[in-house]
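Worksheet for the structure shown next.
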Amino acid sequence: MHSCCAPRPYLALVKRYAVKGLLLVCVLATVPALRAQEPLAGSRPNILFVFSDDHACHAISAYGSRLNQTPAIDRIAVGGVLFRSNFCGNALCGPSRATILTGLHSHANGFCRNGNVFDSSQATFPKLLQQVGYQTALVGKWHLESEPVGFDHWMVFPDQGQYYNPEFLTKQGRVQKAGHATDLTTALAIEWLEQRDPNKPFVLMCQHKAPHRNWLPAEPDLGLFRDRDLPEPATLFDDYRGRIAARASTEMEIARHLTLHYDLMVPPTAAEAGQLGELDRAWSQQRARMTAAQRTAWDAAFAAEDDAFRRENPQGKERVRWMYQRYIKNYLRCVAGVDRSVGALLAWLDAHPEVKANTLVVYASDQGFFLGDHGYYDKRWMDDECLRMPLVMQWPGHIAGGREIAQLTQNIDFAPTFLELAGVPLPATMHGKSLVPLLEGRDVAWRDAVYYHYYESQATHRVPAMYGVRTDRYKLVHYYEPQWHAYELFDLQKDPDELRSVADDAAYKDVRAQLTKRLQALRQEYGDDTGTIDPAFSLTAGITRMVAADGGVRVWANAQGGYMLKPLTGEGATTFSTSMRSLAARPLRNGFVVLAAGDNRAEFVRAGIEFGAKKLVVSGPAGSKSRRDIAIEWDGKAAIELVVTVNLAAHTLVATAQGQRVELELPTTWQSVTACGFGASNTETWFQDLVVR
Ligand code: SGN
Ligand code: CA
């Protein structure tokens with residue numbers, strides 16, 4: 001369902017605020033572009049950037065939500081502008097944030113998937129603003145692994161952070177604060193506003209954890225939506241027909257993948273408590289973080305519903321419906337907290353009119369989210385529900401309000417916009433375009449398509465890697481990993497819910513050809529050569545890039561267990577050798593040599609180095625069950641020579657490196673080695689050519 005594409009909700013909003021007397025400026029409901037009085041470029045406003053995590057447009061009333069009201073966010077939209085077609089370039093937290101900071105798509109800023117480490121030596125808009133006299137501050141969720149750089153002040157959650165009584169990392173170390181993450185982040189933002197230097201412009205990034213999974217609302221919001229069922233999306237029971245097969249193997253279905261305790265907050269029975277899964281155990285830890293009073297409020301809010309659920313024990317579709325209601329209500333309760341935060345910040349500005357007069361207020365979120373659409377929660381796909389990012393901005397007196405901007409905009413545009421407003425020349429390498437002309441209501445030539453590239457592949461939720469292009473009418477997606485190698489094409493006008501791919505429909509042959517060309521041109525324009533795999537390798541998975549370099553090959557794997565193989569025949573005793581070295585900023589995982597027998601190349605053994613743990617490891621063919629490892633001495637930098645000897649008569653594989661040796665038993669069915677190759681996990685690894693002796 002695309003409630004975020006509903007007709008303009010402005011008139012209704014304008015009426016509501018006019019009645020309440022909240023909106024003092026003159027609101028122009030359906031006015032076309034209006035010229036701002038003064039040029040915005042170089043006007044050096046303060047920038048109050050309020051940002052949330054996973055907040056979908058279709059959970060914002062200004063975007064036409066059928067589910068909830070977000071009066072404070074709407075107030076920004078009414079007094080300012082709403083970007084109707086704003087998209088992310090990679091629907092995931094860390095990548096979207098890295099893009100916002102740098103104005104670059106993921107492949108160029110190096111942060112392709114969560115768990116990558118942001119290279120903070122790059123140009124970011126906070127750094128550049130700092131250099132021209134801005135005060136810069138960041139509070140709340142960061143999630144980029146390296147320490148924030150370019151901020152005079154920062155106080156961020158470690159990793160994803162906690163909702164209740166969270167810890168914060170600061171320049172001075174770790175502190176814990178009592179309360180809910182959303183309210184604390186707001187309070188920290190206001191605290192900073194109060195004590196900043198009033199003589200300098202500022203950029204304040206107030207970044208919420210909410211409404212990220214698992215959805216733990218603050219106490220004041222626990223009572224919302226108690227008395228009614230919320231509307232279900234039309235596609236709650238999607239059967240995934242008419243699209244690629246991977247749709248059905250994705251692990252983000254409300255029905256199959258939301259856990260009862262961690263996600264849906266139903267306390268375990270005594271019997272369940274003895275056999276909790278990993279996530280459900282985490283839920284117990286989260287409860288343990290709450291104070292007694294918080295826990296009492298929490299339990300009281302859910303007790304009656306939980307009892308009814310246990311008593312009635314719904315099954316089949318009824319159970320899915322119940323799960324949807326529990327999920328969406330807690331999600332929206334978390335959204336209500338975020339909206340309250342926006343309201344508090346706007347109220348602070350109202351109380352400080354001299355600051356307000358110079359402040360651009362922005363509300364956005366890192367990507368969208370499935371709200372039961374297609375039976376899903378989470379994001380990652382290129383579907384509009386998660387591709388869209390909310391974006392509203394206001395600067396009364398400078399940006400004509402009550403307008404909707406229809407042009408295709410993207411998170412690559414944020415940094416160029418803030419820089420142009422501050423009068424900083426844009427680094428030529430930035431991919432984004434400044435939104436200033438659109439804010440000024442100027443009639444300018446604009447882009448006709450946005451680019452997308454998602455990498456996480458076989459990690460959490462198992463969504464295939466993909467890149468694609470979206471225009472205002474069509475969307476073409478290429479699932480480029482060899483195990484999928486498929487396309488989807490959607491006609492958004494005829495099929496706004498994206499239920500039927502017309503990639504192979506003869507009627508769309510020309511459209512597909514044009515979009516393919518457009519997609520290639522965008523990849524070229526942005527310099528994205530990731531997602532390109534050398535066809536010389538016959539089987540690959542989870543590898544996003546490989547290039548020949550320094551007499552070897554650099555393999556960039558943004559997933560666990562990425563590997564590629566090439567045909568080879570070896571009988572009797574065969575020895576392979578190579579050198580490898582981790583090139584990643586943080587050598588988390590490993591580099592390994594992969595060997596397969598017969599045609600079933602999903603069955604392989606591997607021998608390699610775990611760079612982080614400093615271990616020599618062998619395992620396979622049945623995954624890691626047969627794993628053996630031994631510690632090695634290594635300075636963390638030098639190349640390591642690995643020698644692997646396979647003896648098919650003795651059914652053994654022996655790996656040696658740095659003077660250590662590990663052995664693996666091979667299946668007796670292995671008659672010959674038919675393929676070998678390199679593999680890597682979550683890292684960029686350099687391999688010297690494999691030599692067969
Ligand atoms: C966690 C969540 C996932 C979510 C990712 C990424 N699981 O792993 O559901 O997709 O974060 O989200 S949870 O059990 O920890 O809640 S992101 O917004 O940070 O990219
Ligand atoms: Ca997110």
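Quick one: is Met564 at pLDDT below 75, assigned by TED's automatic domain parsing to the domain that holds Ala675, surrounded by 22 or more Cβ atoms within 10 Å (Cβ to Cβ) and outside any loop (DSSP other than H, G, I, E, B)?
yes
Write out, first by first residue and then by second, each pair whose Cβ atoms fall under 7 Å of each other, whose residues are 6+ apart or on separate chains, and whose first residue, in the range 206-228, is in contact (Cβ under 8 Å) with a residue 40 or more places away in the chain while the second is among the basic types (Lys, Arg) and more than 13 Å from ligand 2 (Cβ to nearest atom).
So the pair list comes out as Pro217/Arg333; Asp221/Arg333; Leu222/Arg333; Leu224/Arg333; Phe225/Lys329.
Let me confirm something: among Gln37, Gln69, which residue is polar (S, T, N, Q) and at pLDDT below 95?
None of the others qualify; the one that does is Gln37.
Select, from Leu476, Leu421, the only residue that is crowded, with 24+ Cβ neighbours inside 10 Å and either more than 26 Å from the chain's Cα centre (by Cα) or in the same structural domain as Glu684 (by TED's automatic domain parsing) (or both).
Residue meeting the stated conditions: Leu421.
Could you tell me whether Ser434 is more than 16 Å from ligand 2 (Cβ to nearest atom), polar (S, T, N, Q) and at pLDDT below 95?
no
On the given criteria, is Met389 of a type in the set (A, V, I, L, M, F, W, C), within 16 Å of ligand 2 (Cβ to nearest atom) and within 21 Å of Pro71 (Cβ to Cβ)?
Yes; evaluated as a whole, the condition is true for this residue.
Which of the residues that make up the range 307-343 are more than 27 Å from the chain's Cα centre (by Cα) and of a type in the set (A, V, I, L, M)?
Correct list: Ala308 only.
For the range 258-289, which positions are free of Cβ contacts under 8 Å to residues at least 12 places away in the same chain and crowded, with 16+ Cβ neighbours inside 10 Å?
Matches in the range 258-289: Arg287 only.
Looking at Lys20, Lys15, can you tell me which residue is modelled with pLDDT under 90 and either within 27 Å of Ile190 (Cβ to Cβ) or within 16 Å of ligand 1 (Cβ to nearest atom) (or both)?
Criteria check complete, one pass: Lys20.
Helices (runs of 4 or more DSSP H) wholly in the range 253-338 with at least 2 residues that are in contact with a His (Cβ under 6 Å, 6 or more places away or on another chain) - which ones?
Here the list reads 278-289.
Within the range 339-363, can you find the residues that are buried (at least 24 other Cβ atoms within 10 Å of the Cβ) and within 14 Å of Pro211 (Cβ to Cβ)?
Asp339, Ser341, Val342, Tyr363
What about Leu371, is it crowded, with 24+ Cβ neighbours inside 10 Å, touching a residue at least 24 places away in the same chain (Cβ under 8 Å) and away from ligand 2 (no atom under 16 Å from the Cβ)?
No.
Those residues that are closer than 13 Å to Ala607 by Cβ and of a type in the set (Lys, Arg), I need them from the range 619-670; list them, please.
Passing the criteria: Arg627, Arg628, Arg661.
Of the residues Asp366, Asp384, only one is away from ligand 2 (no atom under 12 Å from the Cβ) and either in contact with a Pro (Cβ under 9 Å, 6 or more places away or on another chain) or more than 30 Å from Val469 (Cβ to Cβ) (or both); which?
It is Asp384.
Quick one: how many residues across the range 83-122 are more than 12 Å from Met389 (Cβ to Cβ), more than 16 Å from ligand 1 (Cβ to nearest atom) and among the hydrophobic types (A, V, I, L, M, F, W, C)?
Residues flagged as more than 12 Å from Met389 (Cβ to Cβ), more than 16 Å from ligand 1 (Cβ to nearest atom) and among the hydrophobic types (A, V, I, L, M, F, W, C) within the range 83-122 amount to 2.
If you scan the range 450-507, which residues turn out to be closer than 23 Å to Ser249 by Cα and small (Gly, Ala, Ser)?
Scanning the range 450-507 gives Ser457, Ala459, Ala465, Gly468, Ala486, Ser501, Ala503.
The values are calculated or read from the model by the stated rules, or taken from the named source; none is laboratory data. The structure presented is a predicted model; accordingly, all values stated were derived computationally and were not measured. Backbone-built Cβ (ideal geometry, glycine too); neighbour counts: all protein chains shown.
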